[in-house]
1. What number of residues in the stretch 1-13 are out of contact with any Pro (no Cβ under 9 Å at 6 or more places or on another chain), outside any helix (DSSP H, G or I) and either hydrophobic (A, V, I, L, M, F, W, C) or under 17 Å from His334 (Cα atoms) (or both)?
2. Please find, within the stretch 1-44, the residue that is surrounded by the fewest Cβ atoms within 10 Å (Cβ to Cβ) out of those that are among the charged types (D, E, K, R) and closer than 16 Å to Ile233 by Cβ.
3. For Val152, indicate whether it is outside any helix (DSSP H, G or I) and in contact with a helix residue (DSSP H, G or I) (Cβ under 7 Å, 6 or more places away or on another chain).
4. Just to check your reading of the model, which residue among Ser126, Ser218, Ser227 is at pLDDT 95 or above, in contact with a Phe, Trp or Tyr (Cβ under 6 Å, 6 or more places away or on another chain) and of a type in the set (Ser, Thr, Tyr)?
5. Inspect the stretch 325-335 for any residue being at pLDDT below 95 and of a type in the set (Gly, Ala, Ser) and give the result as yes or no.
6. How do the helices (runs of 4 or more DSSP H) wholly within the stretch 14-100 filter down when requiring 3 or more residues that are more than 22 Å from Ser286 (Cα to Cα): which remain?
7. Just checking, how many residues over the stretch 124-168 are open to solvent by 50 Å² or more (accessible area, probe 1.4 Å), on the phi > 0 side of the Ramachandran plot and over 29 Å from the mean Cα position of the chain (by Cα)?
8. Residues in the stretch 34-52 that are in contact with a strand residue (DSSP E or B) (Cβ under 8 Å, 6 or more places away or on another chain), more than 19 Å from Tyr172 (Cα to Cα) and in contact (Cβ under 8 Å) with a residue 60 or more places away in the chain: how many?
Amino acid sequence: MRPAASVGQRLEEVDTPALILDLDAFEKNLHVLKNAVEGRVRVRPHAKTHKCPEVAKRQIALGAVGMCCQKVSEAEAMVEGGVADVLISNEMVGAPKLARLAELSRRARLGVCVDNAANLRDIGASGARLDVYVELEVGMRRCGVAPGEPAVALAREIGRFPNLRFGGLQAYHGRAQHMRTMEERHAVIETAAQHVLHTKKQLEKAGIACPVVTGAGSGTFMFEVESGAWDEIQPGSYAFMDADYARNEWAAPLPRFEHALFVLATVMSRPSAQVAIVDAGLKASSVDSGMPGVWQRAGLSYTHASDEHGWIETTTQGAAVPALGEKILLVPGHCDPTINLYDWYVCVRDGVVEDLWGITARGAVT
């Protein structure tokens, strides 16, 4: 797909809708995370957010040990892009996926999660050479095996397969990431940490070394770090942020990250003095976590959307609705699925397009 911009263009010349990455804010966010956790835990950022090897390379250059992915196809895109160490922090079930895992494991260091002995046997029989992580259910109520003895039993089974290595424990509480108060998030991660520590003790009693406990997200990672139970963290959205994360309470020990990701839109109609219609609708910004925000335009709100259209309306008396043809920046409600709608990041610095990065794992859903 042809990009919406070319290097050297001014931002206002970029065709719309376009996915804009503010390079200064993005680079600052990477350094903020590095400074917050360096020397305390390993960082393995989640590529399910950015889906782009160019982003991954910049994270690795600042000390990340590799990438996380959620799908085999995402992992394939990362390896094709030069990432040599990928953890698929998810369960992979079915012969087609396992065959692809086996092939990919010959080209990079690869990890995968399990929560079921039958799935583990299928992985072992596939011939894939993998680090296998036992996923714990720590409150997400999604995937994962119960902490303690059930997790130990599954870890013991991994040792039966010569092509598999017990990589450690996956412990991620995704629901905690968007609990609004610091107190709520801290409380659930404290409970999750107790599950992790209990399971590590049980593994030790069974004579099974636990190389790594990995997990955590952008909304809680410092709670995992300070608990002492995790060795590695997996934040993804921190690099970009979005409108939903902005609704969280942020305070120490969590550092603040800046908005770096935007959807550029153009006013295509002015039905009234209080309403502007932009060309960025449901196909340009995910609304599963709420409507996008209007960036640095006080008194304006993106109120609703249809497939190709978005409504910008005044919320305070005297606010100026943008003119026909005017361009505005929107903050996506949820960065991950919004990024999945685009083929390119239009990378901007000081109002000028500096680079274009392909989103090569866009649509990687298998």
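The values are calculated or read from the model by the stated rules, or taken from the named source; none is laboratory data. Note that the coordinates shown come from a computational prediction; the quantities given were computed from them, not determined experimentally. Backbone-built Cβ (ideal geometry, glycine too); neighbour counts: all protein chains shown. Side chains are part of the model used for accessible areas, which takes the heavy atoms of the whole protein and leaves out ligands, DNA and RNA. Shrake-Rupley method; radii C 1.70, N 1.55, O 1.52, S 1.80 Å.
1. Residues meeting the conditions: 3.
2. Checking each candidate, the answer is Glu38.
3. no
4. Selected residue: Ser218, the only one of Ser126, Ser218, Ser227 that is at pLDDT 95 or above, in contact with a Phe, Trp or Tyr (Cβ under 6 Å, 6 or more places away or on another chain) and of a type in the set (Ser, Thr, Tyr).
5. no
6. Result: 23-37, 53-61, 72-80.
7. 0
8. The total comes to 1.
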